[in-house]
1. Give segment B:71-91 a look and list any residue that's among the acidic types (Asp, Glu) and away from DNA strand C (no atom under 11 Å from the Cβ), or say none.
2. Give B:LEU142, B:LEU135 a once-over and let me know the one that is buried (at least 21 other Cβ atoms within 10 Å of the Cβ), out of contact with any Pro (no Cβ under 7 Å at 6 or more places or on another chain) and at pLDDT 90 or above.
3. Checking A:ALA118 against (1) of a type outside the set (D, E, K, R); (2) within 7 Å of chain B (Cβ to nearest Cβ); (3) closer than 23 Å to A:ASP80 by Cα; (4) in contact with a Phe, Trp or Tyr (Cβ under 8 Å, 6 or more places away or on another chain): exactly one of these is not met. Which one?
4. What are the residues in segment A:44-70 that are farther than 22 Å from A:LEU33 by Cβ, within 14 Å of chain B (Cβ to nearest Cβ) and within 12 Å of DNA strand C (Cβ to nearest atom), if any?
5. Answer yes or no as to whether B:GLY129 is outside any helix (DSSP H, G or I), small (Gly, Ala, Ser) and at the interface with another protein chain (Cβ under 9 Å from one of its Cβ atoms).
6. If I ask for residues that are surrounded by 12 or more Cβ atoms within 10 Å (Cβ to Cβ) and of a type in the set (Lys, Arg), which ones from segment B:90-112 would you list?
7. Regarding A:ALA67, is this residue over 14 Å from A:ALA115 (Cα atoms), modelled with pLDDT under 95 and either among the acidic types (Asp, Glu) or surrounded by fewer than 18 Cβ atoms within 10 Å (Cβ to Cβ) (or both)?
8. Assess whether A:ALA144 counts as being under 24 Å from B:ALA147 (Cβ atoms), within 9 Å of another protein chain (Cβ to nearest Cβ) and either without any contact (Cβ under 8 Å) to a residue 24 or more places away in the chain or among the hydrophobic types (A, V, I, L, M, F, W, C) (or both).
Protein chains: 2
Amino acid sequence: MADASMSSMEWEGSMTQTVAFQLSKLGQLSTALFAARLAPLGLRPRHCAVLELLRGGPLAQLELARAIGVTASVVVDMLDELQSLNAVRRVRDTEDRRRQLIELTPTGRDLGRQAFAAATETDAELLSGLDPAQLTALRSVLGAMAAERGLTGR
Amino acid sequence: MADASMSSMEWEGSMTQTVAFQLSKLGQLSTALFAARLAPLGLRPRHCAVLELLRGGPLAQLELARAIGVTASVVVDMLDELQSLNAVRRVRDTEDRRRQLIELTPTGRDLGRQAFAAATETDAELLSGLDPAQLTALRSVLGAMAAERGLTGR
DNA sequence: CCATATGATTCGGTATCCGAATGATATGAC
DNA sequence: GTCATATCATTCGGATACCGAATCATATGG
């Protein structure tokens, strides 16, 4: 019942054992591993949320920004990059000529599929040391935390 | 037994549901929340691993770099910052005058304690929506993943 | 028709990391 | 001892990812 780890002394707690710290570090690791697998496609992790969101149909840039949780200027950069890969097109909204409707090209749709494969491979790499029970628990908890905060993007 | 989520069609999977993706995003969130709580102390997340490692006694800069998992030049930057806070001292190693032994000052020790408090608060914020079972599972899995890769630092 | 709001863009700034080049010191071959 | 080589810290330039303020075009409502 008693946890044996803190035996007797009032010892300063370990920061590296906090969830905040480990989540930061593992997030950084995940990003790096994912980026490495995306690199051959010319993609970077931040592009993936865009590719995924656009599967459902065209969106304006501000809609993308809000969905992903970044500012409008970041979206401009990402779309410039995706456009240079021919993954997306900007189309003026005829009903409101200020808006650009962003639509996925067939190339973009294909890149999305390959990116998903890369994500799956990264998962395998990241989770190789876990037993099935841990894996289930992790997925469930991360899903809960992400959903709770509406983290679609990045 | 059969997973109901992929019913009939060959539908492109969801990248935002992969562990790699969610871990990236949640790691980013953790870092931001932790940074916000550290800001009043003049610290940033990356300083914390240094403060913690030095609790055990002085270390050379390359030893810090290896323990934390960053390059030597990053350590130089972090130590410049910590030094300007009077949190650490650089002391030439008399046995090898190329080395700088980094030692924690009383101020640094105190900042470490306050940083730990900030990390604990961040955990509370981050984990508020989880039930005890999920919390236990998360800690166990993150601990396993972090330990497996020797992630001390940030 | 004009004031104001909104969408996209540009520009400059911040934070974090890396790798290559540099200078000081140590070490080992001879 | 001396010289080549290795190692430690540092500096410098570059990459990535983000933000916020300013700008321009277009809409909208009085």
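1. Taking segment B:71-91 as the starting set, the residues that turn out to be among the acidic types (Asp, Glu) are B:77, B:80-81.
Within segment B:71-91, just B:ASP80 meets the criteria.
2. On the way: B:LEU135 fails: buried (at least 21 other Cβ atoms within 10 Å of the Cβ).
Result of the check over B:LEU142, B:LEU135: B:LEU142.
3. (2)
4. Those that are farther than 22 Å from A:LEU33 by Cβ, within 14 Å of chain B (Cβ to nearest Cβ) and within 12 Å of DNA strand C (Cβ to nearest atom): A:LEU64, A:ALA67.
5. Numbers: outside any helix (DSSP H, G or I): yes; small (Gly, Ala, Ser): yes; at the interface with another protein chain (Cβ under 9 Å from one of its Cβ atoms): yes.
Answer is yes for this residue.
6. Keep residues of segment B:90-112 that are surrounded by 12 or more Cβ atoms within 10 Å (Cβ to Cβ), which gives B:90-91, B:93, B:99-105, B:107-112.
Scanning segment B:90-112 gives B:ARG90, B:ARG99, B:ARG109.
7. Working: over 14 Å from A:ALA115 (Cα atoms): yes; modelled with pLDDT under 95: yes; either among the acidic types (Asp, Glu) or surrounded by fewer than 18 Cβ atoms within 10 Å (Cβ to Cβ) (or both): yes.
For A:ALA67, the condition - over 14 Å from A:ALA115 (Cα atoms), modelled with pLDDT under 95 and either among the acidic types (Asp, Glu) or surrounded by fewer than 18 Cβ atoms within 10 Å (Cβ to Cβ) (or both) - is met.
8. Answer is yes for this residue.
The values are calculated or read from the model by the stated rules, or taken from the named source; none is laboratory data. None of the values given here were measured: they were computed from a predicted structure. Virtual Cβ from ideal backbone geometry, glycine too; neighbours counted across all protein chains shown.
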